[in-house]
Amino acid sequence: MSETQTAATVVTDTQHDGRYIPYGGGCMGWFENSGVLKAEVPNHYTFFSAVDPELVRAKMFERAGTMVNKRRAERKEMTPELPITLKWGKDAKQAVGKDLSIHGMKVQFVNDEVALKKDDKVTVLLHDKTGRSMLMELPCTVMWAEKTGRLRTIWNFGVGFPTLTPEQVEKIKEIGGLTDEQPK
């Protein structure tokens, strides 16, 4: 291998400060030397030295042959969560928007049984932070559904927005505090 190829490999296999990203990823990519294969011990890890989790996760996905982030636009976590109403058929339930982009959002129901599945058509009503006034109404499609929680039932849904008008895109950006950045 030439020096140029070696330098390129070192750059793609290291964090911003030059530390090597182990193939084991450490303990879920959060800490070095915790769950790292013994074959990689000569790479001089610092025990419990925090790693850049996004970079390590991206490297793990790249090595596995898949992309880490297939999103087409910036997605921002909503803090505080965005109150929404999700309507489908004759049902309408209050939920929270966990994150938002110009292409969709993550919706969460807690302690509610929700009979939605992938490709179901729903209407999302976005409310202001107080939940009192409606900001926007969009017809959407459920892109994925996930049920979690041991002590209480938590349903997470990814809803995809339809093609938005420029005015709707600007409104979504305003609601979510989004910029024109591409996803990382």
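For the range 150-172, indicate whether the set of residues that are at pLDDT 90 or above and among the basic types (Lys, Arg) is non-empty. Scanning the range 150-172 turns up at least one residue that is at pLDDT 90 or above and among the basic types (Lys, Arg).
Selection of the range 126-163 for residues being more than 19 Å from residue 75 (Cβ to Cβ) and over 21 Å from the mean Cα position of the chain (by Cα) yields 127, 128, 130, 131, 132, 133, 134, 137, 139, 150, 151, 152.
Can you find a residue in the range 158-172 that is within 19 Å of residue 81 (Cβ to Cβ) and assigned to a strand (DSSP E or B)? For the range 158-172, residues within 19 Å of residue 81 (Cβ to Cβ) and assigned to a strand (DSSP E or B): present. Would you confirm, using the coordinates I've provided, whether residue 130 is in a loop (DSSP other than H, G, I, E, B) and of a type in the set (S, T, N, Q)? Yes; evaluated as a whole, the condition is true for this residue. Does residue 78 satisfy the criteria of being crowded, with 18+ Cβ neighbours inside 10 Å, touching a residue at least 24 places away in the same chain (Cβ under 8 Å) and part of a strand (DSSP E or B)? For residue 78, the condition - crowded, with 18+ Cβ neighbours inside 10 Å, touching a residue at least 24 places away in the same chain (Cβ under 8 Å) and part of a strand (DSSP E or B) - is met.
The values are calculated or read from the model by the stated rules, or taken from the named source; none is laboratory data. As the structure is a prediction and not an experimental result, all values here were calculated from the model. Note that each Cβ is placed from the backbone with ideal geometry, even for glycine, and that neighbours are counted across all protein chains shown.
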